[in-house]
Amino acid sequence: MSTAVVILNWNGRSLLEQFLPSVIRFSEGANIYVADNASTDDSVEFVQENFPQVKIIQNKENGGFAKGYNDALSGLSEDIFVLLNSDVEVTKNWLNPIHEIFKNEPKTAAVQPKILDFKRKNYFEYAGAAGGYIDKYGYPFCRGRIFDTLEEDHGQYNDDTPIFWASGACFAIRNTVYWEAGALDEDFFAHQEEIDLCWRIHNLGYQIKFSGISNVYHVGGATLDSMNPRKTFFNFRNSLYMLLKNVPTPNVYGILIMRMILDGIAGIKFLINGKFSHLYAILQAHTAFYRNFQKMHRKRRGITKNSEYYQVKSIIWSYFCLGKNEFSKLK
């Protein structure tokens, strides 16, 4: 089973210098690629000079996470693609448990390892923790992370278990299924496109798994700060895109209306807290959604009426009203 570990890079020399050595050291048997998204720094030259065993893929433009990976992967033939952030430190034998799942479970299309915080290595990391889920209204959360509450890792999630979405920070997927599902949606540019892809994978009848004995450490926020209004825009817009594309009929419009109401409440909270740029980002996100409504609606396919996609009805209610701030408390 051949494997391509593909690191998307944009002006990330310092991250490559820090984290690429662990990928080279511990990814035995895999082909390692740096897919450069038209960087303006010297990161490509740095890799060529210091890590000649790493192959360079030169994208013609910075098309964001989605187009960047689609362009890079289109020329690769390995059986397994591992999409790996440039700010991830991998550990010894991290690929072996992932390979075992793929070998033994032909209906498993994608796998995520345990993602821990590089800065606090005994805690789960925000971007993926121990595997992702969504609620009825499209809000993502993880085993080990609900909103901003991060659990300490006590081995409570050291299992191999089905999940709804795998984090784009470290996302292993079968080559064939990546293209069968339609690849990453380039209209998302960045943020939540991996959740959208995973939803489409489920619609095809495959499953997605978490491996609790494969560990990686993620810095997080290295490419776009969590409180950046641009990230707020992408998250709110892309959530609406994702719901419109994937929510089963006939619930889609009612869920979209409720989600937009909840977005309005979030906007009021930003207003009260004086975060006017984030309020404006939500307004921009909704405007972009309305403008592209028909385009996204045409992407609905392979959806069944009884498709179950959410772990809880409302993670907002569970977390803020019922005080359920750990995944185990949601059951």
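FYI, it's all coordinate maths here, none of it is from the lab. Quick caveat: nothing in here was measured; it's all calculated off a predicted structure. Counting neighbours? That spans all protein chains shown, and the Cβs are built from the backbone with ideal geometry, glycine included.
In this structure, the pairs whose alpha-carbon distance is over 22 Å, taken from LYS114/LYS245; LYS67/LYS299; LYS107/LYS313; LYS231/LYS331; LYS209/LYS231; LYS209/LYS331, are LYS114/LYS245; LYS107/LYS313; LYS231/LYS331; LYS209/LYS231. Ordering TRP94, PHE234, ALA288 by Cα displacement along the dipole of the chain toward the positive end leaves ALA288 in first place; charges were set at the Cβ atoms of Lys, Arg (+1) and Asp, Glu (-1). Using the basic label-point model (7 angstrom from Cα toward the beta carbon), what is the LYS299 to PHE26 distance in nanometres? Inter-label distance under the simple model: 3.3 nm.
Just the number, please: percent antiparallel of the DSSP beta bridges in the chain, rounded to the nearest 5. Looking only at bridges with both residues in the chain, the antiparallel portion is about 50 percent.
Note on the range 229-330: with charges restricted to the Cβ of Lys and Arg (+1) and Asp and Glu (-1), its dipole about the Cα centre is near 400 debye.
Put simply, the Cα atoms of the range 1-77 extend 30, 27, 16 Å along their principal axes, the longest span coming first. Once C-alpha pairs closer than 8 Å and six or more residues apart are averaged by separation and normalised to the residue number of the chain, the relative contact order reads 19 percent.
Taking label points 7 Å from Cα along the Cα-to-Cβ direction, ASP148 and ASN273 give a separation of 0.5 nm.
Grab the other residues whose beta carbon is less than 14 angstrom from that of PHE51, score K and R as +1, D and E as -1, and report the net.
-2
Taken one residue at a time, the phi angles of the range 50-61 give Karplus couplings (6.51, -1.76, 1.60, θ = phi - 60°) of 9, 9, x, 6, 8, 8, 9, 10, 9, 6, 6, 8 Hz. Gly and Pro are set to x. Note on the chain: with a GNM built from Cα contacts shorter than 10 Å, the maximum mean-square fluctuation among ASP36, ASP160, ASP79 falls on ASP79. Taking a ≥ b ≥ c as the square roots of the eigenvalues of the Cα gyration tensor of the range 229-330, is the shape rounded (a/c under 1.5), prolate (a/b larger than b/c) or oblate? Here the range 229-330 falls in the oblate category. Reducing the range 121-156 and the range 274-331 to their Cα centroids gives an inter-centroid distance of 16 Å. Placing +1 on the Cβ of every Lys and Arg and -1 on the Cβ of every Asp and Glu, with nothing else charged, gives the chain a dipole about its Cα centre of roughly 1420 debye. Along the chain, the exposed loop sites are GluC sites (Glu not before Pro) outside DSSP states H, G, I, E and B with at most 13 other Cβ atoms within 10 Å, and the longest stretch free of them is 62-307. If you line up the long axis of helix 252-272 against the longest principal axis of the chain, both from Cα atoms, how many degrees apart are they, to the nearest 10? Helix 252-272 and the main axis of the chain meet at about 90 degrees. The mean sequence separation of alpha-carbon pairs under 8 Å and at least six residues apart, normalised by the residue count of the range 58-168, gives a relative contact order of 19 percent.
Report, in deg cm²/dmol and to the nearest 500, the calculated mean residue ellipticity at 222 nm for the chain, where each DSSP H run with n ≥ 4 adds -39500 (n - 2.57) and the sum is divided by the residue count.
One gets -11000 deg cm²/dmol as the mean residue ellipticity at 222 nm.
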